[in-house]
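Report on the following structure.
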Amino acid sequence: MEVRRTVPVKLDLSDSDADLLHETIDEFRWAANYVVDAAFDDEYAVTSKRKLHDRTYQQVREETRLHSNLVQAARSRAAESLQSVVAKWKRGKYASRPYFSSSFLEYDKRSATFNADYATLSTVDGRITAEYVLPDEDRDTPHAEYLFGDEYETTGATLHYRNGEFYLHVRTKADVEDPEPPENGTVLGVDLGVENIAVTSTGKFWSGNELNHWHREYEKRRASMQQRGTRYAHEAMQRVGRKETGRFEQMLHRIANGIVREARENGCSVVAFEDLTDIRERMAGAKRLHAWAFRRLFDYVTYKAERFGIDTEQVNPAYTSQRCSRIGCGFTVDANRPSQDTFECQSCGYEAHADYNAAKNIGLKYLRRSHRSSGGGAVVGLRLNTGMLNASGFTSAPCESVRAGVHGEGHAL
Ligand SMILES: [Zn+2]
């Protein structure tokens with residue numbers, strides 16, 4: 001199976017090289033718009049790359065200083081936009097004529113070379129060397145996985161200019177063996193939360209401290225900047241926001257890698273989350289930032305798990321926090337949850353960290369659902385830190401329990 005990934009990398013450029021890239025982007029955009037204009041005869045639009053080549057290649061070469069590969073890339077991009085517009089017209093839908101206004105440029109392996117920490121890029125005046133600005137952490141980042149790893153091959157990149165910085169969105173691909181889903185697979189339950197971003201039914205915790213701390217700082221800074229009320233302050237805030245977004249995306253990648261690792265080490269074929277719809281309304285203290293983080297985390301786990309044949313699922317979250325996860329009990333009452341951290345069953349006395357209890361319930365909900373539905377793919381049990389729990393209540397470690405008060409990033413209990 002072929003796996004494709006895109007990794008955004010900021011570029012470190014001298015002023016003169018940055019100028020060259022600006023000029024190149026301008027001419028590329030001009031070329032793409034020129035091709036679009038040339039495609040139209042009255043209301044009819046040519047979309048074939050061959051025909052567009054015949055109509056525009058000479059003129060674009062004469063009017064621009066673009067390397068022939070960039071001329072081709074601009075034409076391809078124009079052709080793709082034209083094709084999607086014409087497809088909409090054929091379905092009777094409205095679509096306006098394509099027009100390129102944003103700052104971007106498509107590179108392939110003929111117009112650029114991609115190395116571990118820099119790229120060379122074709123411009124309107126020869127090639128320049130663009131150093132990558134890479135994260136400090138050297139492991140568990142998308143960069144380490146896709147750019148430096150031997151497994152992934154770089155196929156091309158899109159250059160973007162945003163808020164005063166150039167970014168390469170580097171496209172990579174790898175041919176990996178078709179995954180073999182684990183036999184007799186089990187489900188890993190994952191609880192999402194504000195205090196702990198994620199807790200698994202195997203008892204791994206990822207703290208939400210960093211995210212929450214930053215959210216408070218952000219709100220403070222935003223309040224003070226809004227008081228100053230200048231346009232500059234607004235832009236400065238957006239820049240800070242984007243920088244932090246990148247940092248949190250990396251953190252979410254690390255957590256996603258941890259969850260996938262946990263699933264693989266425990267022979268899980270499914271990772272079950274609660275349904276993410278309206279999660280912010282359900283969860284006390286959850287901000288827009290949390291809803292964003294949960295969605296990202298789910299997406300990251302989904303694509304990272306796919307290549308190991310592991311699925312992700314969402315289950316109905318009703319009562320997963322109040323219900324006792326001990327098989328045979330299932331007592332459900334608000335009083336089971338005396339504090340944010342603590343679960344204490346008022347019926348059977350089962351005690352656990354509240355998020356761990358919820359992670360078990362989420363896994364159990366999936367387990368029951370998969371047994372009710374006909375057809376294949378049922379999981380045989382829920383994976384816990386001490387063993388496995390099956391649908392009929394057998395657990396290989398009846399005294400398992402994860403107690404309140406355990407925090408930290410991804411440590412096993
Ligand atoms: Zn109970």
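Things worth noting here:
- Stretch in the chain that is longest and holds no GluC sites (Glu not before Pro) that DSSP places in a loop and that have at most 10 other beta carbons within 10 Å: 184-413
- A simple count of charges around R4, restricted to other residues whose Cβ falls under 12 Å of its Cβ and scoring Lys, Arg +1 and Asp, Glu -1, yields 0.
- Helix 231-265 and the longest principal axis of the C-alpha atoms of the chain enclose an angle of approximately 50°.
- Antiparallel bridges, percent of DSSP beta bridges restricted to the stretch 2-175 (to nearest 5): 95 percent
- CD proxy at 222 nm, helix term only [per DSSP H run n ≥ 4: -39500 (n - 2.57); per residue of the chain; nearest 500]: -13500 deg cm²/dmol
- The chain, Rg to Rh (Cα coordinates; Rh as Kirkwood inverse mean 1/r): 1.06
- Nonlocal amide H pairs with S207, under 5 Å, H built at 1.01 Å: I197, G408, E409, G410
- Filtered trypsin sites (Lys or Arg not before Pro), the stretch 49-101: DSSP coil and at most 10 other beta carbons within 10 Å: R91, K93
- Only the Cβ atoms of Lys and Arg (+1) and of Asp and Glu (-1) were treated as charged; on that basis the dipole of the stretch 2-175 about its Cα centre amounts to roughly 1220 debye.
- Dipole-positive endmost among V9, T186, G149 within the chain (Cβ charges, Cα centre): T186
- Among the listed pairs K49/K173; K10/K88; K204/K287; K220/K360; K204/K304; K90/K304, those beyond 29 Å (Cα-Cα): K10/K88; K220/K360; K90/K304
- About its Cα centre, the chain has a charge dipole of approximately 1320 debye under the convention of +1 per Lys or Arg Cβ and -1 per Asp or Glu Cβ, with nothing else charged.
- Tilt relative to the chain, helix 354-372 - C-alpha long axis, 0 to 90 degrees, to 10: 80 degrees
- Sparsely packed chymotrypsin sites (Phe, Trp or Tyr not before Pro) within the stretch 1-110, loop by DSSP, other Cβ within 10 Å at most 15: Y94, Y99
- Compared with the dominant principal axis of the Cα atoms in the chain, helix 288-306 is inclined by about 90°.
- Pairwise Cα distances in the stretch 2-175 exceed 27 Å in 33 percent of cases.
- Net charge contributed by nearby residues that have their C-beta within less than 10 Å of T123 (K/R +1, D/E -1): -3
- Efficiency of FRET between H213 and E265 - r from beta-carbon atoms, R0 35 angstrom, step 0.05: 0.70
- Think of the chain as a dipole: +1 on every Lys or Arg Cβ, -1 on every Asp or Glu Cβ, centred on the Cα centre; then among A174, A112, Q250, Q250 lies furthest on the positive end.
Read the figures in this text as sums done on the coordinates, not as results from a lab. Model, not experiment: these values are computed from the prediction. Virtual Cβ from ideal backbone geometry, glycine too; neighbours counted across all protein chains shown.
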